[in-house]
Amino acid sequence: MQYDPASFEQKWRDIWEEKHLHHAVKSDDRPKYYCLDMFPYPSGEGLHVGHWRGYVLSDVVSRYMTLNGYQVMHPMGWDAFGLPAENAAIKKGIHPVIQTEAATSNMRRQLKDMGSMYDWEREVNSSTPEYYKWTQWTFLKAYELGLAYKKDAPINWCPSCATGLADEEVKDGCCERCGTAVTKKGLAQWFLAITKYSQRLIDDIKDLDWPEKVKKMQVDWIGRSEGAEVLFQIDGFEDTVLIFTTRPDTLYGASYMVLAPEHELVSKITTPEQKEEVEAYIVRTSARSEVERQERKDKTGVFTGAYAINPVNGQKIPIWIADYVLMGYGTGAIMAVPAHDERDWEFAKAFNLPIHQVVMTADQAKSLKADGVDFSDSKAVDEAWQKKFAQELYEVPYCECGWMVNSEEFSGYKTEEGKKAIIAKLEAQSIGKSKVNYRLRDWLISRQRYWGAPIPIVYCDKCGIVPVPEDQLPVLLPHVEHYQPSGTGASPLASIEEFVHTTCPKCGGPAKRDTDTLSQWLCSSWYFLRYASYDCQDKPWRREDIDYWNPVDLYVGGIEHAVLHLLYSRFYTKMFYDLGLVGFKEPFKRLFNQGMITKVPSWGGRSIKMSKSKGNVVNPDSLVEKYGTDALRAYLLFIGPPELDAEWIDSGLEGVYRWIRRVWNLATEGKIVEGEEKDPEILRTSHKFIKKINDDLSRLHLNTVVSAMMEWSNFLITKNASTPIAKETLENYILLLAPIAPHVAEELWSIFGHEGGIFETRPTWPRHDEKYLHEDEFKLVVQINGKVRDNIMVSKSLSQEEIEAKAKESSKIASFLEGKTIRKVIYVPNKLMNFVVG
RNA sequence: GCGGGAGUGGCGGAACGGUAGACGCACGGGACUUAAAAUCCCGAGUCCGCAAGGGCGUGAGGGUUCAAAUCCCUCCUCCCGUACCA
């Protein structure tokens, strides 16, 4: 009987499907396990082996958990709305509905060929009205909670995709999707107030079982910083400027102020003499793209002619505008302390502005202390410092925290204390307070594109903004032939009269629909809830379903969603929690990011990420045909540690195929005896591997699981040349093989005479038994001064003295010990003995 | 700049401070074959040596330890993330 995967792989997939084995149902006697893959967007290119890596991993876990007594839900669906699908459709001239349909059926077929245990009854497609009805509903819920608001603001605009983008979708100043440089555009858009959740998004991430890297990326993205807001009076005006600083302790060192060019006060305070120059500068900066703004060039800026008053010492300081101060962060205005901030220092140097040191260097403090200066006497500190260091020049701003100086009554304070004391002083005068700022901005969700869920909002002349009532959902996306983006900022839907004109749900009068669509990130921010309650018609989910299945126990996907999808989903989950719609605060308990598959392109060079555009994709379809899906699955595990990138080598797959074939040959042609294993060596070795494989499976060290399976079969094959192997041993082997190579495992299981497949009957999972691991003898490694000199077999019953005596009997050891004095003997029981000689 | 990860044979990679290079690929030799492919067996870090054996070896250099790929310090290279966030 030759190993011919084509002859049975499909058979087993049919059997699993007929018996609905992969359909997850609630169970009273088995704990649940929710294993989720990030749902893919349907691409006309289909899946390549790089995509399969994560899917194989999650499938192995799902099957392993199933065979270990869990009720596993392992669903799959399609992130069908959004730019990738729409851009592909436009390029090919095929309507997105048609293109999505074709792509999903091809990809579904591929995923089935893989032998994955997806519960297809739970399949979701975010572009269907049954699904996006509820995506629209989530938006209305956000609106209800006051988290959705419309604002006319300059937003990130991708000229190529012709749509607004969220901050998270801008990478290095370019569109995350198409790579075009992002510009700014003023548009009235819908935002979700994710910033209201900044602190909770930081606090709750700590306890998640996620890669530290992803946690850090999110925390950095949210960007919490503690400091103070301080009010500065403008000389000759009633107006004040509010600034944010993380260094209130350096307030006495503020020697100028900078406003962002877009700051609302700029036009008001600019003096007539400076007007022309200031306006020219504003025009110049606003014309710069994000990419240009990010280039770290020399500091630029213009004096407004106005002065602010430093509230603590009454000093008049010039007010400048410069593009190194960003309107979007803090208050869009800063006090500049060039002595203690690198950027301010560069700016001061460039424009010859004064630099006042107000924090001593560590050396200065040390020197003054050595001179016996009393640091609790601020006057004495200032005088001593002036005398000794006022003439010192330094070439870099000094930022390290030390002792304050030249700060009136605060001189001599440690900066940490000074921060608090100065804030207290400002608070007493109502001109400042401590403040925590976050870098996170609110989430822009309006898209000027066709392929998305229409925003369920109506504008009525009488009633204003009116949300579409829940019973009128979904607001259907009209099926039209011309859906290309207009490029003007108007959505393609705006030109469809019968869509735009509607009646106001409140007053019944004429009204207009919002013509933008929701960002596809909203679709993916709640799909993990829908899987659990896929058949619920009147609501997005039944509470009892998600209480049972959610949160997700293991979430598998690429690192690229670290601050997009994963941040949005966490925010959405918290919003639902606040609305009492879910009982948990975090959607994904454990996250696993699989590494990329790379390959050397056909024209050579270095190995790079597999992608159609790079011309280095390997299509799984033909490989499945040639080697069977089990070999491909096993190779994708064996290729390397699952969290690291790995390079695809065709011959590597062949090696894994050969292994499966050898296992097949052993099981079908080897010398096998009925019943339990009697051979002590086979028992011992097998239980050693059972232990190792179980350990590595639970740790997700799947590459070493495969190599341990290989070692074990190599051992059995060699042994079988002389000794029959008990059926029990091979059955244990087959069961452990089942999560990795389910088809061949099922086939062998049935050849071994079992009624009902492994995944139907779920036989007892193999566990090692310590009693078989016991050996009477062990191999003692004998070292001299830490170098291995010999191995000897020693009985475990011997005492250390007896073992030492035996070790010295070895001729090799004896020759090394000759004429030397043994200074010390290190003995690691059952393992090693090291003679330290002099 | 900053933050994270990684540097181990010809290659992918193993190795809770305790025999470095498991497992696999590629390679060499042999068996089978008229021959080839497939399969099976054997070999293999490197240097010296016919061999037995020994020296050297986990990016570089130090250190801790009876013992270091593994822990500590300094440095180099590559990858990823991030970047005027006051």
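For the reader, a short list of remarks on this structure follows.
- A search for C-beta distances below 8 Å between a residue of the stretch A:209-228 that is free of Cβ contacts under 8 Å to residues at least 60 places away in the same chain and any residue that is more than 10 Å from RNA strand B (Cβ to nearest atom), counting only pairs 6+ apart in sequence or on different chains, returns A:Lys215/A:Ile205; A:Lys215/A:Lys206; A:Lys215/A:Leu208; A:Val219/A:Ile202; A:Val219/A:Ile205.
- Among residues of the stretch A:307-337, those that are under 14 Å from A:Asp249 (Cα atoms) and over 37 Å from the mean Cα position of the chain (by Cα), counted: 4
- Note on the stretch A:812-834: among residues that are on the phi < 0 side of the Ramachandran plot and more than 10 Å from RNA strand B (Cβ to nearest atom), the one that is least open to solvent (accessible area, probe 1.4 Å) is A:Leu817.
- Scanning the stretch A:253-276 for residues that are open to solvent by less than 10 Å² (accessible area, probe 1.4 Å) and either within 24 Å of A:Lys349 (Cβ to Cβ) or part of a loop (DSSP other than H, G, I, E, B) (or both) returns A:Gly253, A:Ala254, A:Ser255, A:Tyr256, A:Met257, A:Val258, A:Leu259, A:Ala260, A:Pro261, A:Val266.
- Top-ranked residue of the stretch A:618-651 - restricted to ones that are within 8 Å of RNA strand B (Cβ to nearest atom) and in contact with a Ser or Thr (Cβ under 8 Å, 6 or more places away or on another chain), ranked as least open to solvent (accessible area, probe 1.4 Å): A:Ala646
- All told, A:Glu383 meets the bar of being of a type outside the set (Val, Ile, Thr), out of contact with any His (no Cβ under 7 Å at 6 or more places or on another chain) and more than 25 Å from A:Val266 (Cβ to Cβ).
- Residue in the stretch A:609-617 that is open to solvent by 20 Å² or more (accessible area, probe 1.4 Å), within 29 Å of A:Gly557 (Cα to Cα) and within 12 Å of RNA strand B (Cβ to nearest atom) present: yes
- Residue within the stretch A:242-251 that is in a loop (DSSP other than H, G, I, E, B), within 16 Å of RNA strand B (Cβ to nearest atom), modelled with pLDDT of 90 or more and within 21 Å of the chain's Cα centre (by Cα) present: no
- Figure legend. Inter-residue proximity from the stretch A:658-669: first residues closer than 15 Å to A:Pro724 by Cβ, second residues in a helix (DSSP H, G or I) and away from RNA strand B (no atom under 11 Å from the Cβ), beta-carbon distance below 6 Å, spacing 6+ or different chains. Indicated pairs: A:Ala667/A:Leu730; A:Ala667/A:Leu748.
- Filtered by the rule that a residue be open to solvent by less than 10 Å² (accessible area, probe 1.4 Å), within 13 Å of RNA strand B (Cβ to nearest atom) and in a loop (DSSP other than H, G, I, E, B), the stretch A:307-324 gives a lone residue, A:Ala322.
Every residue, every condition in (1) modelled with pLDDT under 90; (2) among the polar types (S, T, N, Q), yes or no:
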site	(1), (2)
A:Lys275	no, no
A:Tyr281	no, no
A:Thr285	yes, yes
A:Arg288	yes, no
A:Arg293	yes, no
A:Gly301	no, no
A:Ala308	no, no
A:Val312	no, no
A:Gln315	no, yes
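- Of the criteria (1) more than 14 Å from RNA strand B (Cβ to nearest atom); (2) acidic (Asp, Glu); (3) part of a helix (DSSP H, G or I), which one A:Glu654 fails: (1)
- Here the stretch A:461-484 is the region considered, the condition is being closer than 28 Å to A:Gly93 by Cα and open to solvent by less than 40 Å² (accessible area, probe 1.4 Å), and the residue that is farthest from the chain's Cα centre (by Cα) is A:Val480.
- Among residues of the stretch A:768-796 that are within 30 Å of A:Leu697 (Cα to Cα), none has a beta-carbon under 9 Å from a residue that is part of a helix (DSSP H, G or I) and near RNA strand B (Cβ under 9 Å from one of its atoms) at least six positions away or on a different chain.
- Applying the set (1) in contact (Cβ under 8 Å) with a residue 24 or more places away in the chain; (2) aliphatic (A, V, I, L, M); (3) part of a helix (DSSP H, G or I); (4) surrounded by fewer than 21 Cβ atoms within 10 Å (Cβ to Cβ) to A:Val61 leaves exactly one unmet item: (4).
- Qualifying residue in the stretch A:200-209 (condition: more than 10 Å from RNA strand B (Cβ to nearest atom), closer than 24 Å to A:Gln520 by Cβ and part of a helix (DSSP H, G or I)): yes
- Given (1) under 28 Å from A:Gly54 (Cβ atoms); (2) outside any loop (DSSP other than H, G, I, E, B); (3) open to solvent by 10 Å² or more (accessible area, probe 1.4 Å), number of the condition A:Asp535 does not satisfy: (2)
- The stretch A:136-158, subset part of a helix (DSSP H, G or I) and charged (D, E, K, R), residue least open to solvent (accessible area, probe 1.4 Å): A:Lys141
- Here the condition is being aliphatic (A, V, I, L, M) and open to solvent by 50 Å² or more (accessible area, probe 1.4 Å); of A:Ile282, A:Ile194, A:Ile202, it holds for A:Ile282 alone.
- For the stretch A:704-733, filtering for residues that are within 10 Å of RNA strand B (Cβ to nearest atom) and not in a helix (DSSP H, G or I) leaves 1.
For (1) of a type outside the set (Phe, Trp, Tyr); (2) assigned to a strand (DSSP E or B); (3) under 26 Å from A:Lys678 (Cα atoms); (4) open to solvent by 80 Å² or more (accessible area, probe 1.4 Å), each residue gets a yes or a no:
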residue: A:Thr764; (1), (2), (3), (4): yes, no, yes, yes
residue: A:His768; (1), (2), (3), (4): yes, no, yes, no
residue: A:Tyr772; (1), (2), (3), (4): no, no, yes, no
residue: A:Ser797; (1), (2), (3), (4): yes, no, yes, yes
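The values are calculated or read from the model by the stated rules, or taken from the named source; none is laboratory data. Predicted, not measured: the structure shown is a model, and the values here were computed from it. Backbone-built Cβ (ideal geometry, glycine too); neighbour counts: all protein chains shown. Areas reflect the complete protein model, heavy atoms only, side chains present, ligands, DNA and RNA absent. Shrake-Rupley method; radii C 1.70, N 1.55, O 1.52, S 1.80 Å.
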